[in-house]
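Okay, so here's the structure we're looking at.
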Amino acid sequence: MAEPASSAASSSSSLPSAASALGATTADTVHAPGHLGNLSAAQTSALAALWLRVLDRVSQPPETPIPPSSSKDFAATSADSGKKDKKKSNPSSKTATPTASTSNAPICTAADLRAELWLAAQDHHVDAFLLRFLRARKFDVPAAEAMLVDALRWRVLNNAQGVLEHGDALVEANQFSSGKCFWYQTDMQGRPIIYINVKAHERGANSLEQLERHTVYMMETTRLLLTPGSAETVTIVFNMTGFSMANADLDMVKFLVNCLQNYYPESLGACLVVNAPWLFHGIWKLIKPWLDPVVQAKVAFIKPVELTTWIDPQRTPSFIDGKDPYAFAYWPPSASEIADHAKRLAEHDTIARMRQAVIDAAADIERATRTWARAYLKEVPHPAAPATTNLDEEVDMNSARAEIEKARLAVAGGVAEVTPLARAWREFDDFVRFPSQLHRAGVIVKGSHKVDWTKAPTPEMVKKATA
C-alpha cells in the first residue's frame, strides 16, 4: 500500500494505494457497460422508463412547483451568482435549506425544470446526460429520477446559468492567480486533468460563497472539455506537497464532494492524491465516509513517480516531477471584455429568443423520445415505467420499433452528430457564456469540442496579452 511521501511505512494505513485504485481509474469507461453504444436490453428499458418519468415531470403546467425529491434538500447553496432576491442557505449547514413550501423561498417550477434539463444536457447526445444519473444509481429508475430532479433544482435555485454568464469576472481573482486550481492536458485515457495545488489554498482567505462559486465555475467549464464517446470524465490531481493544517478546509471539501456525487455524477474518472503527508491520515478518515464506495474506489494516494500509471511524463508538469516545463499563469479578463459582455447580457430579447430556440428544438426530441420509449417498453417492460404519459394524439404506436428509432435518431442524432438542438444550444451558450481563460488563450474553440493544449496560458503568453 502506497504511503504518503513524508510518512514512514505503516501497516495500519487506511489510504488507498495506486494498486487498489488502478482498475477503477484506468479502465476504458467510455465503452463500458451502461454507456452509449453498450447498453443491455434491461439498461435500455431503464433509460426509456426514466425518460418517460422525466418528461412527465417537465410536462406539468408550467407554474407547477417542483419539490425536492430527497428528504434532505441540498438545492440552494451560497453559490448563487445572480438571483440576489433568492433566499440563501446557511453556508455552514447544507441541510438547512429553504424549500418551495417556505415563505419567500425560491421556487423551481416545471417550466424551470424543463429548460434546465435541455440547457444542462448541452450539445451532447441527449441520452448521455440521463445515463450519468442511471449509472450513479445502478439503474434504479426512481432513485435516478430523484437524483436528476434534485440536481436540476439545484441548478435552477442557484442560478448555475448565471455562473456561466458572469464567469471569472465575478470570482475573486486570487482564486485563479494563486494557481491552486487549473486545467492542463489529458491523461492516458484522454480525460482532461484538473490540478489542485492544496498548499496554495488558504482556509479563510475567501468566503465560502466565493469558494463555491469558483467550484461551480470550474465544474461547468470542465464540462466543455468532455465529449460522450471520447472523454466523459475528468482526472483530478491533488498536489499535497507542502500541505499544512492551514490548508485544510473541510467545508470546501464537503461542498466539492456534494457537487461531484449529487450534481455532476459520473464525472470523476480518477482522483490522485500526490505526496500526502502523515498528518492527512486523520483528515482522510473524516472525508472518506462522505464518499460513495464507487467514488472511494477512484481515489489513489500516490508518490509523484506513480503518476506515470495515469499520465504521460511528457505531459506532466515539472512542478510535480514531470518532464513538461509548463508553468501555469492566470489570464484575467480585460475591462473591455467585461464591458462588451455586459452589453450582450443586456440584450434580453435576443437572449430570450435564443433560449426559446433551445426549448423549441428540444420539443421535437421530446416527442420522438416519448414514442421510442413507449415502443421499447412494449417489448422490454420495466416496472418503474409510468402507466400513462402525456402523449400527443398523432403518435402511432403501431409503427415498427426500427422506424421509431430511426425517427428519433433524425432529431436526437448519434453520439457525435450535430443536431438542431446542439446548434441551438451552441448559439445560446456562445452568446451568454463569459469566455474563460481557456477561451481567451485559444485552448477551447467556441462552438465546438476542439481543445488545443499547446495554447495553455503561460506567464510569457499572459504578460504579452495583458501588456
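The values are calculated or read from the model by the stated rules, or taken from the named source; none is laboratory data. All values reported here derive from a predicted model rather than from experimental measurement. Neighbour counts are summed over all protein chains in view; Cβ atoms, including those assigned to glycine, are modelled from backbone coordinates with ideal geometry.
Would you be able to say whether some residue in segment 348-361 is among the basic types (K, R) and within 24 Å of the chain's Cα centre (by Cα)? Yes; the residues of segment 348-361 include at least one that is among the basic types (K, R) and within 24 Å of the chain's Cα centre (by Cα). Residues in segment 234-289 that are in contact with a helix residue (DSSP H, G or I) (Cβ under 7 Å, 6 or more places away or on another chain) and charged (D, E, K, R): D251, K254, E266, K288.
Which residues, counting only those in segment 257-298, are more than 17 Å from T235 (Cβ to Cβ) and touching a Lys or Arg at 6+ places or on another chain (Cβ under 9 Å)? Selection gives N258, Y263, I287, W290.
Using the structure shown, decide if T215 is under 28 Å from P293 (Cβ atoms) and either crowded, with 20+ Cβ neighbours inside 10 Å or in contact with a Ser or Thr (Cβ under 6 Å, 6 or more places away or on another chain) (or both). Criteria met by T215. Listed by first and then second residue, the pairs with beta-carbon distance under 6 Å, at least 6 apart or on different chains, first residue in segment 142-170 and more than 14 Å from C108 (Cβ to Cβ), second assigned to a helix (DSSP H, G or I) and β-branched (V, I, T), are V163/V216; E165/V432; A169/I338. Screening A352, A361, A342, A346 for residues that are crowded, with 16+ Cβ neighbours inside 10 Å and assigned by the TED database to the domain that holds A120 leaves exactly one candidate, A361. Residues in segment 423-467 that are closer than 30 Å to W372 by Cβ and modelled with pLDDT under 90: G447, S448, H449.
Taking V294 as the residue in question, decide whether it is under 26 Å from R223 (Cβ atoms) and modelled with pLDDT under 95. Here the answer is yes, as V294 does meet what is asked. Can you confirm whether segment 146-165 contains a residue that is part of a helix (DSSP H, G or I) and touching a His at 6+ places or on another chain (Cβ under 9 Å)? Yes, that holds for at least one residue.
Of all residues in segment 288-335, those that are among the hydroxyl-bearing types (S, T, Y), loosely packed, with under 15 Cβ neighbours inside 10 Å and in contact (Cβ under 8 Å) with a residue 12 or more places away in the chain total 1.
Residues that are in contact (Cβ under 8 Å) with a residue 24 or more places away in the chain and assigned to a loop (DSSP other than H, G, I, E, B) were ranked within segment 444-467; the one that is farthest from I351 (Cα to Cα) is T458.
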